[in-house]
Each structure stands twice: as structure tokens, then as C-alpha cells.
1. I'd like to check something: does the range 54-63 contain any residue that is exposed (fewer than 15 other Cβ atoms within 10 Å of the Cβ) and either among the polar types (S, T, N, Q) or not assigned by TED's automatic domain parsing to the domain that holds M151 (or both)?
2. I75 - would you say it is outside any loop (DSSP other than H, G, I, E, B), within 21 Å of I65 (Cα to Cα), open to solvent by less than 30 Å² (accessible area, probe 1.4 Å) and not charged (D, E, K, R)?
3. Looking at (1) within 11 Å of the ligand (Cβ to nearest atom); (2) in contact (Cβ under 8 Å) with a residue 24 or more places away in the chain; (3) over 22 Å from E49 (Cα atoms), which is the only condition H149 fails?
4. Take the residues in the range 78-99 that are touching a helix residue (DSSP H, G or I) at 6+ places or on another chain (Cβ under 9 Å) and in a strand (DSSP E or B), then tell me which one is farthest from N113 (Cα to Cα).
5. Every residue in the range 95-139 that is within 14 Å of the ligand (Cβ to nearest atom) and loosely packed, with under 14 Cβ neighbours inside 10 Å, please.
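The values are calculated or read from the model by the stated rules, or taken from the named source; none is laboratory data. Just so it is clear, the structure is predicted and the values come from calculations on it, not from any experiment. Here Cβ is always computed from backbone atoms with ideal geometry, including for glycine, and neighbour counts include all displayed protein chains. For the accessible areas, the whole protein counts, side chains as well, though only heavy atoms, and no ligand, DNA or RNA atoms are used. Shrake-Rupley method; radii C 1.70, N 1.55, O 1.52, S 1.80 Å.
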Amino acid sequence: MFKLDLPRYERIWLIVGTGTLAVFLVLFGFMAFSMGLTLSDGHKTVTPEALQTTAPFDQPGFVEIGPNEYKATMIAQVFSFVPGEAVIPVGSKVHFEVTSPDMVHGIGIPGTNVNMMVLPGHITEATYTFNRPGEYLILCNEYCGAGHHVMMGKLIVK
Ligand code: CUA
């Protein structure tokens, strides 16, 4: 440990500064929990470094699991979605499960109620039935860096 050899007033301000930061961090943490800004239901986890060898994320895609019902396993990464495009028949009920290998992203599909945060290590889930045909944009709605604004995919419902 190095010894701080600073004038007394600097040491005091250092302590005040650090203390204030600590208080704010604790406060924000507490508020986040008390306001319910927690992760979506289930709290399923996955190792972000091992997505390529962990089912189902080793094979991302839309898989038919029943009549007009799909499971959409997706990866949100810098700066794309995998898969980047999918085609499903109109009326399909889609169960999304999304995670990230690198950093916090979002997944939002304008015109639907799919609007989620995607965090490394966590599996975010949502279900939506696409009753209207059309081309749906899949957008990243959490700022994730230089390529954030080009991070998008497409879902074609026909
Ligand atoms: Cu990914 Cu913004």
C-alpha cells in the first residue's frame, strides 16, 4: 500500500468525494431494486463466453415447435443480431430467447410489445403473436457503441 502524502484538505476532499460516490452507488442500487428494474421473469442464465457450445445458442434461429408456433433463439452482439433475418407465416406465435456474448444490447420490434434489454449472462424472454403480415424491424434499443445505430435485423411475416 502506498501512503498518501497529500495536504490535509486534499485528503479530506478525497474522502468526501469517495464517500459521496459510494453513497450514490448504494442509493442507485437500492432504487433499482426497489423500483423493480430487475431482469425479466425466469432469471435464466448462460455463460457468455461459451455461447457457441451451449444449447440452444450454439444454433441460433427460428425453430417450429408446434402449429404456427416458433422458438426464436437469438444472439445480440456488436453490432448485429443472429439470425439477422427470418421468415415466418402470419399468425405465428414466437417465443423469443435472447442473450449477448459481449455487452448490454436491446431488442425491440416496433409495432409489437417486444422491447427488452439483453445482458451478457442472462436469457431474456418474450412471446408475441404476429397476426399482421409485413416486414418487422428488429432494433437494438440500448446504446452499445459505435455501431449501435446499424445494429438491426428483419423479421418477415407473410
Ligand atoms: Cu447493440 Cu445498441
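1. There is at least one residue in the range 54-63 that is exposed (fewer than 15 other Cβ atoms within 10 Å of the Cβ) and either among the polar types (S, T, N, Q) or not assigned by TED's automatic domain parsing to the domain that holds M151 (or both).
2. yes
3. Only one criterion in (1) within 11 Å of the ligand (Cβ to nearest atom); (2) in contact (Cβ under 8 Å) with a residue 24 or more places away in the chain; (3) over 22 Å from E49 (Cα atoms) is unmet by H149, namely (2).
4. That would be S80.
5. Within the range 95-139, N115, L137 qualify.
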